[in-house]
Number of protein chains: 2
Amino acid sequence: MEIEKRIRELAEEVKAASRVLADIPATEKDRALSAMAAGLRKRRDFLQKENRRDLEKAEAGGLSPAMIDRLTLSDKVVEAMAAGLEEVASFPDPIGNVERMWRRPNGLMVGKMRIPLGVVGMIYESRPNVTADAAGLCLKSGNGVILRGGSEAFHSNMAILEVLHEALEGTAVPAAVIQVVPFTERRAINILLACEEQIDLIIPRGGEGLIRFVVENSRIPVIKHYKGVCHVFVDAGADLEMARRIVINAKTHRPGVCNAAETILVHKDIADRFLPLMVADLLERGVEIRACEETLAIVPAATGVQAATEVDWDAEYLDLIVAVKVVDGLEEAISHIAAHGSDHTETIVTSDYHRSQEFLRRVNSSVVMVNASTRFSDGGQMGLGAEIGISTTKLHAYGPMGLEGLTTTKYIIYGDGQIRQ
Amino acid sequence: MEIEKRIRELAEEVKAASRVLADIPATEKDRALSAMAAGLRKRRDFLQKENRRDLEKAEAGGLSPAMIDRLTLSDKVVEAMAAGLEEVASFPDPIGNVERMWRRPNGLMVGKMRIPLGVVGMIYESRPNVTADAAGLCLKSGNGVILRGGSEAFHSNMAILEVLHEALEGTAVPAAVIQVVPFTERRAINILLACEEQIDLIIPRGGEGLIRFVVENSRIPVIKHYKGVCHVFVDAGADLEMARRIVINAKTHRPGVCNAAETILVHKDIADRFLPLMVADLLERGVEIRACEETLAIVPAATGVQAATEVDWDAEYLDLIVAVKVVDGLEEAISHIAAHGSDHTETIVTSDYHRSQEFLRRVNSSVVMVNASTRFSDGGQMGLGAEIGISTTKLHAYGPMGLEGLTTTKYIIYGDGQIRQ
């Protein structure tokens with residue numbers, strides 16, 4: 001009961017503070033973000049001392065070195081958090097913009113003005129830097145935020161909160177717009193997910209298990225992103241050098257992230273020429289290949305090249321592994337993506353105008369590209385400012401979510417006394 | 001089990017058909033809508049024969065005359081359904097539009113293209129004309145739709161479906177993009193709400209009980225709209241004649257609908273002059289008034305004027321009743337709306353530039369107006385084309401939802417071989 005009461009109180013406080021924040025002009029918000037950045041730099045020793053408590057527990061608990069690495073607030077990570085807040089301060093404020101207004105026959109002027117969503121609930125794992133990043137993006141977009149990080153980062157997250165709250169003193173932004181749920185119990189998540197009167201949107205960041213748990217237990221709308229099974233389709237007549245560069249970049253630039261390519265589809269008319277080149281490139285970079293029968297007929301099984309099974313077409317490897325399939329043409333590529341894709345990101349490498357347009361039109365993944373690496377599916381790379389997450393559900397936001405993704409629009413109407421007839 | 005299997009099959013069929021529909025050009029969709037309109041007119045006798053079966057049951061069951069009226073497919077209602085489909089055909093197609101593209105430093109062109117949501121699930125009560133209206137809007141916006149109407153309209157809804165399916169034969173649009181759940185059991189709704197792999201959005205239309213049931217049981221995002229507690233704030237220095245006309249129109253033009261005003265807030269500096277005029281106007285039109293103390297000091301209690309209690313400030317009367325409160329100024333009006341409003345529609349009547357802008361900026365209801373009647377909060381009146389519902393949740397859509405509200409955007413990227421550094 002105590003936990004439930006406290007979380008509801010926190011949610012109420014964030015909601016009340018978010019109403020104040022919604023009308024604070026950009027200059028004041030940017031001043032607050034700069035103060036937060038300065039605070040993180042100034043209190044680095046304190047942050048690292050508190051982080052040490054989490055790290056000791058993690059080491060004692062036998063967490064993997066990779067996990068411990070993600071948990072560590074190194075000098076570099078603290079500086080990155082501070083620089084991130086300053087970068088967000090430099091972005092244009094989305095709030096209050098009216099993109100167009102139209103005039104109705106009775107003279108009413110109708111338009112849509114961009115407004116904050118209200119309160120965002122973030123549920124995430126390990127990396128404590130998400131705490132500062134999410135707080136910054138939500139603040140700039142005029143939203144309150146209530147954060148629930150992983151229990152392994154508890155002391156680090158509470159320390160970051162303390163520093164951010166100190167920094168907001170003396171600014172126009174009420175400290176209560178940023179809150180951290182101070183409980184490590186799993187049921188704290190359930191309580192948060194039931195605060196539908198206070199929270200407008202839930203963004204979970206973490207593994208598929210966490211996201212499914214959140215979706216199944218939330219009464220609040222959730223931005224979902226289960227996985228990224230991204231495709232590269234190399235069309236007949238593609239510039240083969242370009243195709244090689246894009247395939248290598250999409251697969252090997254950073255294989256552990258969601259916008260890395262997992263399946264390469266190759267048009268049958270160029271398979272003979274392209275597959276030997278591509279396979280040699282990939283093997284050279286240590287990529288393991290799961291190939292369809294047609295591919296194996298051209299590039300025989302060898303070390304690192306094996307026959308694909310049905311599960312390979314749906315796999316998100318997040319590793320130096322790739323599935324390769326020869327297709328009859330655009331039609332089969334599009335059906336394969338519809339059947340096995342995850343609505344994340346797909347790219348076509350082509351020199352044909354008509355097929356480039358057809359691919360863009362018919363593939364309804366959240367990001368669809370022509371002649372570019374899937375690795376560009378990223379808020380920063382696409383010019384959206386930073387990114388708070390990626391949505392693969394088609395509602396509200398679809399694709400990388402930047403500042404604009406953290407807002408919605410209300411209709412505004414200017415009349416001069418019109419009444420309805 | 002049989003019901004569950006059949007509903008899941010239907011949902012799968014709609015999903016598959018919606019993929020085809022997503023890429024059908026506007027001319028073909030408009031041709032299909034015209035064929036549907038012609039079909040409804042041609043088969044009016046059949047529709048009315050089937051409607052008769054529902055009406056007989058309703059009469060035997062003792063349904064209220066108002067309910068029976070809403071259930072009846074009169075000549076006028078059938079013609080309105082047909083005309084509605086033709087009107088939707090005349091709207092511009094939102095699909096495929098790219099509003100702007102921007103160029104990144106590496107030459108990538110990034111933009112957002114409007115696409116359908118996929119499959120919409122409509123859950124509604126009584127009025128069978130919703131079946132044709134929703135089918136038309138979804139078809140035009142490229143979405144499949146699966147409809148679940150009230151059990152009292154079962155035969156009417158199935159007859160409309162049959163006529164629409166017949167009409168789609170020989171058009172480019174697959175008939176399966178429109179489906180009706182052929183079961184009247186309540187649990188059919190629960191089954192539909194669990195089809196998260198097939199359905200992208202649920203729109204419930206009906207009473208608050210139905211909407212709460214849907215929200216609590218759905219794994220699919222829901223467009224919510226519980227109630228419309230709309231406010232008119234009459235500012236100091238308002239044109240009193242304009243204020244009188246707007247108050248009367250907002251309250252009495254059609255009191256039973258969600259965009260009718262429920263509370264009038266009056267600035268204390270004009271209360272002495274304005275309240276006697278307004279109260280006389282309202283009483284003359286048979287409106288019952290629930291007044292705050294300050295109001296009663298100016299306009300003494302009389303037949304039709306009584307003291308308001310706390311519940312009046314939150315009430316959605318949907319009737320010829322109105323709450324009236326004197327406020328200190330804009331600040332109190334905005335706090336009152338934040339505390340008691342339902343995020344639907346609010347209007348300020350004012351001659352002051354600064355206060356008009358502050359009201360527009362700070363009130364974050366889905367439609368915020370200056371000097372216009374709340375009755376204009378309507379897709380048709382605002383120029384959005386027809387309206388499939390109104391959203392008072394701030395996600396995806398906020399306010400009246402027309403064709404654009406039934407779409408989302410995907411990012412599209414044109415490259416010429418860029419790879420990520």
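Brief remarks follow.
- Remark: region B:148-163, residue by residue, has Karplus-estimated 3J(HN,Hα) of 9, x, x, 5, 5, 10, 3, 5, 5, 5, 5, 5, 4, 4, 4, 5 Hz, where x stands for each Gly or Pro and the curve is 6.51 cos²θ - 1.76 cosθ + 1.60 at θ = phi - 60°.
- Checking the Cα-Cα distances for A:Lys224/B:Lys140; A:Lys42/A:Lys76; B:Lys15/B:Lys112 against a 21 Å cut-off, the pairs over it are A:Lys224/B:Lys140; B:Lys15/B:Lys112.
- Take A:Glu56, move 7 Å from Cα toward the beta carbon, and the resulting point lies 8.3 nm from the same point in each other copy, nearest first.
- With both residues required to sit in region B:230-378, DSSP beta bridges show an antiparallel share near 5%.
- A:Asn106 label point (Cα plus 7 Å toward Cβ) to equivalent points in the other copies: 5.2 nm, shortest first.
- Computed across the protein assembly as shown, the Kirkwood hydrodynamic radius from all distinct Cα-Cα pairs reaches 29.0 Å.
- With respect to the axis relating copies B and A by rotation, the chain B residue whose beta carbon is closest, plus that distance in Å, is B:His396, 2.
- Averaged over the residues of B:14-22, the number of partner chain Cβ atoms lying within 10 Å of the residue Cβ comes to 1.
- Cα-based Rg and Dmax for region B:79-194, where Dmax is the largest Cα-Cα distance (Å): 17.7, 61
- Cut-off 18 Å (backbone N to label point 7 Å along Cα→Cβ of B:Glu288), residues of region B:300-330: B:301-325
- 20 Å tail of the calculated P(r), region A:138-221, as % of Cα pairs: 38 percent
- Reference-scaled alpha-carbon Rg (2.2 N^0.38 Å with N residues) for region B:107-264: 1.34
- The order of B:Leu283, A:Leu40, going from fewest to most other C-beta atoms within 10 Å of their C-beta, is B:Leu283, A:Leu40.
- The lysines whose alpha-carbon is closer than 20 Å to the alpha-carbon of A:Lys268, local same-chain residues fewer than 8 away aside, are A:Lys325.
- Relative to the longest principal axis of the Cα atoms of chain B, the long axis of helix B:330-340 makes an angle of roughly 50 degrees.
- Using distinct alpha-carbon pairs, which all enter the 1/r mean, Kirkwood radius of region A:230-376 in Å: 14.6 Å
- Sum of -39500 (n - 2.57) over DSSP H runs of 4+, divided by residues of chain B (222 nm, nearest 500): -13500 deg cm²/dmol
- Pairwise centroid distance, computed over Cα atoms, of region B:95-132 with region A:1-66, Å: 36 Å
- Shown in residue order for region B:230-240 are the 3J(HN,Hα) couplings computed by the Karplus curve 6.51 cos²θ - 1.76 cosθ + 1.60 at θ = phi - 60°: 8, 10, 10, 10, 9, 7, 4, x, 5, 5, 5 Hz (x for Gly and Pro).
- Residues A:Trp313, A:Trp102, sorted so that the one with the fewest Cβ neighbours within 10 Å comes first: A:Trp102, A:Trp313
- Note, ³J(HN,Hα) from phi for region B:378-394, Karplus 6.51, -1.76, 1.60, rounded to Hz, x at Gly and Pro: 6, x, x, 5, 8, x, 8, x, 5, 9, 9, x, 10, 9, 10, 9, 7
- Other protein chain Cβ atoms within 10 Å, averaged over every residue that makes up A:108-121: 3
- DSSP beta bridges in chain B [antiparallel fraction, %, rounded to 5]: 30 percent
- Between copies, the label points at B:Ala302 (set 7 angstrom from Cα along Cα-to-Cβ) are spaced 9.9 nm, reported in nanometres from shortest to longest.
- Cut-off under 5 Å, modelled amide H: who pairs with B:Val266 long-range: B:Val234, B:Lys325, B:Val326, B:Val327
- Listed from fewest to most Cβ neighbours within 10 Å, the set B:Glu13, B:Glu166 follows the order B:Glu166, B:Glu13.
- Positive minus negative residues near B:Ile199 (Lys, Arg vs Asp, Glu; Cβ under 10 Å): -1
- For the segment B:90-99, counting C-beta atoms of other chains within 10 Å of every residue's C-beta and taking the mean gives 1.
- Summed side-chain charge close to B:Arg420 - residues other than B:Arg420 whose Cβ falls under 14 Å, Lys, Arg +1, Asp, Glu -1: +4
- Each 20 Å bin from zero up to the one holding the largest Cα-Cα distance in chain B carries the following percent of pairs: 24, 48, 26, 2.
- Rounded tilt (10° steps) of B:26-42 against the dominant C-alpha axis of chain B: 80 degrees
- Choice from B:Val324, B:Val257, B:Val145 showing the highest fluctuation, given a GNM over chain B with Cα pairs closer than 10 Å: B:Val257
- 0 to 90° range, to nearest 10: angle between helix B:75-90 axis and chain B longest Cα axis: 80 degrees
- Summing Lys and Arg as +1 and Asp and Glu as -1 over all other residues whose Cβ lies under 12 Å from the Cβ of B:Phe46 gives a net charge of +3.
Rule-based calculations on the coordinates, nothing more; no lab input. Since the model is a prediction, treat every value here as computed from it, not as a measurement. Glycine gets a Cβ as well: all are built from the backbone with ideal geometry, and neighbour counts include every protein chain shown.
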